[in-house]
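Trainee: Have a look at the structure that comes next, please.
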Amino acid sequence: TFLRAFLRRDRWLVLWFLLGTPTLYWTQAYSVDGIYRSQAEFDRAAAAMGDNAAFVAMAGPARALNTTGGQVAWQASAFGAIVVALMAMFIVGRHTRSEEETGREELLRSGVVARTAPMTAALLAATVASAVVAAGVTGSLLLYGLPAAGSWVLGVGVLGCGVAFGGVALLAAQVTTTARATYGLTGAVIGVSYGLRAIGDVSGGGLSWLSPIGWYQAMHAYSGERWWPVVLLVVLGALTTAAAY
């Protein structure tokens with residue numbers, strides 16, 4: 001019952017993220033194909049971008065930048081991870097700490113319901129929303145005509161980021177006293193994840209492996225796909241969820 005109510009309340013929020021996030025990925029493919037008209041232009045641009053430390057810090061490690069898929073994964077993945085992380089954070093925070101602040105959760109708990117039911121429904125709502133957005137990302141790239149394997153990797157990675165940061169938000173809601181603090185703590189984790197990934201990618205010192213965003217990019221979409229890094233995202237989500245309970 002809670003899950004159905006939460007999803008109904010979040011339907012417009014999820015719709016805007018569903019429209020915006022796949023568009024972020026799709027427009028990268030469209031713009032890249034519009035800029036580079038030949039493989040020679042692609043190759044020259046890839047060489048220049050891959051050697052630019054500022055670009056690497058901003059977007060991530062340079063892989064297969066002489067292909068449309070490689071450019072999409074490079075330009076969009078870090079920001080796509082942040083977008084879905086923020087979505088999960090807002091959904092979890094809205095239905096946990098915000099509800100407690102207003103007193104509505106106490107009214108709900110006064111009924112015949114387990115005390116963990118609202119937080120369980122909040123986490124499930126964030127996971128469902130992440131899955132919907134992930135499906136949109138994969139579908140948009142497949143419709144554009146990019147290779148299926150890389151498109152699925154990018155979509156599954158988005159879902160993994162939603163699960164991971166949804167768990168972080170759920171834990172933050174249990175150790176803070178206000179919704180603002182919940183968002184601040186979760187946002188700080190997202191920011192540190194991006195910073196560690198940026199430093200690690202530029203220095204090559206391995207700090208990227210301390211970042212969930214780095215795990216997502218380590219799935220190597222369109223450049224020799226590998227699936228096992230998504231396990232790290234799921235494990236992080238599971239550990240933070242267990243700690244929250």
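The values are calculated or read from the model by the stated rules, or taken from the named source; none is laboratory data. Every value quoted in this text rests on a predicted model; they were computed, and no experiment measured them. Neighbour counts run over all protein chains shown; Cβ positions are idealised from the backbone, glycine included. For the accessible areas, the whole protein counts, side chains as well, though only heavy atoms, and no ligand, DNA or RNA atoms are used. Shrake-Rupley method; radii C 1.70, N 1.55, O 1.52, S 1.80 Å.
Trainee: Restricting the search to the range 11-41, which residues are more than 22 Å from Ala88 (Cβ to Cβ) and touching a residue at least 60 places away in the same chain (Cβ under 8 Å)?
Mentor: Ala29, Tyr30
Here's the yes/no breakdown for (1) touching a residue at least 12 places away in the same chain (Cβ under 8 Å); (2) more than 16 Å from Gly93 (Cβ to Cβ):
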| position | (1), (2) |
| --- | --- |
| Tyr144 | yes, yes |
| Val156 | yes, yes |
| Ala179 | yes, no |
| Thr182 | yes, no |
| Gly187 | yes, no |
| Gly200 | yes, yes |
| Ser203 | no, yes |
| Tyr222 | yes, yes |
| Glu225 | yes, yes |
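Trainee: Looking only at the range 227-245, count how many residues are crowded, with 23+ Cβ neighbours inside 10 Å and more than 18 Å from the chain's Cα centre (by Cα).
Mentor: Number of matching residues: 0.
Trainee: Residue check: is Gly206 over 17 Å from the mean Cα position of the chain (by Cα) and either on the phi > 0 side of the Ramachandran plot or among the β-branched types (Val, Ile, Thr) (or both)?
Mentor: So Gly206 passes the test.
Results for (1) more than 23 Å from Phe55 (Cα to Cα); (2) charged (D, E, K, R); (3) modelled with pLDDT of 95 or more; (4) surrounded by fewer than 24 Cβ atoms within 10 Å (Cβ to Cβ), shown as yes or no for each residue.
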{"position": "Leu154", "(1), (2), (3), (4)": "no, no, yes, no"}
{"position": "Gly157", "(1), (2), (3), (4)": "no, no, yes, no"}
{"position": "Phe165", "(1), (2), (3), (4)": "yes, no, yes, no"}
{"position": "Leu170", "(1), (2), (3), (4)": "yes, no, yes, no"}
{"position": "Thr178", "(1), (2), (3), (4)": "yes, no, no, yes"}
{"position": "Leu196", "(1), (2), (3), (4)": "no, no, no, yes"}
{"position": "Gly205", "(1), (2), (3), (4)": "no, no, no, yes"}
{"position": "Ser208", "(1), (2), (3), (4)": "no, no, no, yes"}
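The rows are residues; the columns are (1) part of a helix (DSSP H, G or I); (2) touching a residue at least 40 places away in the same chain (Cβ under 8 Å); (3) not charged (D, E, K, R).
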{"residue": "Ala46", "(1), (2), (3)": "yes, no, yes"}
{"residue": "Phe55", "(1), (2), (3)": "yes, no, yes"}
{"residue": "Met58", "(1), (2), (3)": "yes, yes, yes"}
{"residue": "Leu65", "(1), (2), (3)": "no, no, yes"}
{"residue": "Val72", "(1), (2), (3)": "yes, yes, yes"}
{"residue": "Ala81", "(1), (2), (3)": "yes, yes, yes"}
{"residue": "Phe90", "(1), (2), (3)": "yes, yes, yes"}
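Trainee: Additional query: Inside the range 103-117, can you point out the residues that are open to solvent by less than 80 Å² (accessible area, probe 1.4 Å) and either assigned to a helix (DSSP H, G or I) or within 16 Å of Thr178 (Cβ to Cβ) (or both)?
Mentor: To start, the set of residues in the range 103-117 that are open to solvent by less than 80 Å² (accessible area, probe 1.4 Å) comprises 103, 105, 108, 111, 113-114, 116-117.
Listed by number, the residues that qualify are Gly103, Glu105, Leu108, Ala117.
Trainee: Does the range 118-129 contain any residue that is among the aliphatic types (A, V, I, L, M), surrounded by fewer than 18 Cβ atoms within 10 Å (Cβ to Cβ) and touching a residue at least 12 places away in the same chain (Cβ under 8 Å)?
Mentor: Initial filter on the range 118-129 (among the aliphatic types (A, V, I, L, M)): 119, 121-126, 128-129.
Going one step further and asking which of them are surrounded by fewer than 18 Cβ atoms within 10 Å (Cβ to Cβ), we end up with 124, 128.
Pick out the ones that are also touching a residue at least 12 places away in the same chain (Cβ under 8 Å) and you get 124, 128.
Within the range 118-129, one or more residues are among the aliphatic types (A, V, I, L, M), surrounded by fewer than 18 Cβ atoms within 10 Å (Cβ to Cβ) and touching a residue at least 12 places away in the same chain (Cβ under 8 Å).
Trainee: Take the conditions modelled with pLDDT under 95, over 23 Å from Gln71 (Cα atoms) and open to solvent by 40 Å² or more (accessible area, probe 1.4 Å) and apply them to Gly224. Does it pass? So that I can check it myself, show each step before the final result.
Mentor: Details: modelled with pLDDT under 95: yes; over 23 Å from Gln71 (Cα atoms): no; open to solvent by 40 Å² or more (accessible area, probe 1.4 Å): yes.
Here the answer is no, as Gly224 does not meet what is asked.
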